[in-house]
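*Asks:* Below you'll find the structure I mean.
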Amino acid sequence: MVKIIDEETIFRVNSNIEEQVFEEEDIRVVVVDNFYKDPDLILDLINTIPASTYTPNRRGFPGNQIDITYNMGYLTEVYTYLIQKYFSGIVSDDYLEDSFNGATFMINVLRYTPSIKEPHVDIDGHFASGIYFNKECTGGTAFFSKVTREMLGIVEMKYNRMILYKQDSPHTAYLEEGTFIDEWRLSQQFFI
């Protein structure tokens with residue numbers, strides 16, 4: 001039987017979000033806990049979609065990926081608010097609306113590998129965002145100096161935590177050795 005997704009319900013954001021900011025040198029990361037109203041619905045969806053090793057738009061990505069076209073436009077309002085508040089003057093509201101209307105439901109599916117430790121920057125936009133979907137969490141996302149490439153700090157992984165940062169911020173998934181061997185590290189990704 002064919003099922004029809006109700007994106008407006010599944011991707012509903014909590015109405016009273018509270019943001020924190022991690023800031024070191026010229027790296028700023030906006031952190032929002034309890035981002036989605038019902039993250040279990042999204043986790044159930046993730047667990048019904050097979051991940052693929054085929055990632056043609058992200059060459060060198062060390063894991064698997066789910067990338068499906070769903071209506072992510074319902075997130076435009078909250079991301080516009082956060083980006084214009086913490087990174088004002090970089091992009092227009094129209095740019096953000098177009099970006100989310102064209103965004104896909106993208107999930108990074110990773111296991112531990114030593115190669116993940118090398119920092120990288122994202123391309124094809126201005127901002128990146130991740131939302132964590134593991135109930136048992138360890139590690140997080142490490143951010144590095146743009147000049148020295150030394151680690152500045154880690155934004156800890158927490159179920160239903162959203163992070164938002166400029167794409168030119170050197171970062172990497174921070175997986176502690178011995179973790180995510182038997183289970184997958186799951187995070188929803190946006191490149192805005």
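The values are calculated or read from the model by the stated rules, or taken from the named source; none is laboratory data. Small disclaimer: the values here were computed from a predicted structure and weren't measured. For neighbour counting, all protein chains shown are included, and Cβ atoms are generated from backbone atoms with ideal geometry for every residue, glycine included. Side chains included, ligands, DNA and RNA excluded: accessible areas come from the protein's heavy atoms. Shrake-Rupley method; radii C 1.70, N 1.55, O 1.52, S 1.80 Å.
*Asks:* Just for strands (runs of 3 or more DSSP E) wholly inside segment 1-95: which have at least 3 residues that are open to solvent by less than 30 Å² (accessible area, probe 1.4 Å) and at pLDDT 95 or above?
*Replies:* Filter on segment 1-95 gives 27-32.
*Asks:* A follow-up question, please. Identify the single condition in (1) surrounded by 21 or more Cβ atoms within 10 Å (Cβ to Cβ); (2) at pLDDT 90 or above that residue 175 does not satisfy, given that it satisfies every other one.
*Replies:* (2)
*Asks:* Oh, and also: So, in segment 142-153, exactly how many residues are closer than 16 Å to residue 110 by Cβ and open to solvent by 10 Å² or more (accessible area, probe 1.4 Å)? Break it down stepwise before answering.
*Replies:* Filtering segment 142-153 down to residues closer than 16 Å to residue 110 by Cβ leaves 142.
The next check asks that each one be open to solvent by 10 Å² or more (accessible area, probe 1.4 Å); those that pass are none.
Total satisfying the criteria: 0.
*Asks:* For segment 125-138, name all the residues that are over 15 Å from residue 34 (Cβ atoms), of a type outside the set (S, T, N, Q) and open to solvent by 10 Å² or more (accessible area, probe 1.4 Å).
*Replies:* 125, 126, 136
*Asks:* Do we have residue 157 as within 12 Å of the chain's Cα centre (by Cα), more than 21 Å from residue 83 (Cβ to Cβ) and not charged (D, E, K, R) here?
*Replies:* Values: within 12 Å of the chain's Cα centre (by Cα): yes; more than 21 Å from residue 83 (Cβ to Cβ): yes; not charged (D, E, K, R): yes.
Judged against the criteria, residue 157 is a match.
*Asks:* Go through (1) exposed (fewer than 13 other Cβ atoms within 10 Å of the Cβ); (2) touching a strand residue (DSSP E or B) at 6+ places or on another chain (Cβ under 7 Å); (3) under 26 Å from residue 81 (Cα atoms) and name the single condition residue 118 misses.
*Replies:* (3)
*Asks:* Within segment 96-121, can you find the residues that are part of a loop (DSSP other than H, G, I, E, B) and either closer than 20 Å to residue 51 by Cα or under 12 Å from the mean Cα position of the chain (by Cα) (or both)? Working first, answer last.
*Replies:* Step one: filter segment 96-121 for residues part of a loop (DSSP other than H, G, I, E, B), giving 102-104, 111-113, 118-119, 121.
Passing the criteria: 103, 104, 111, 112, 113.
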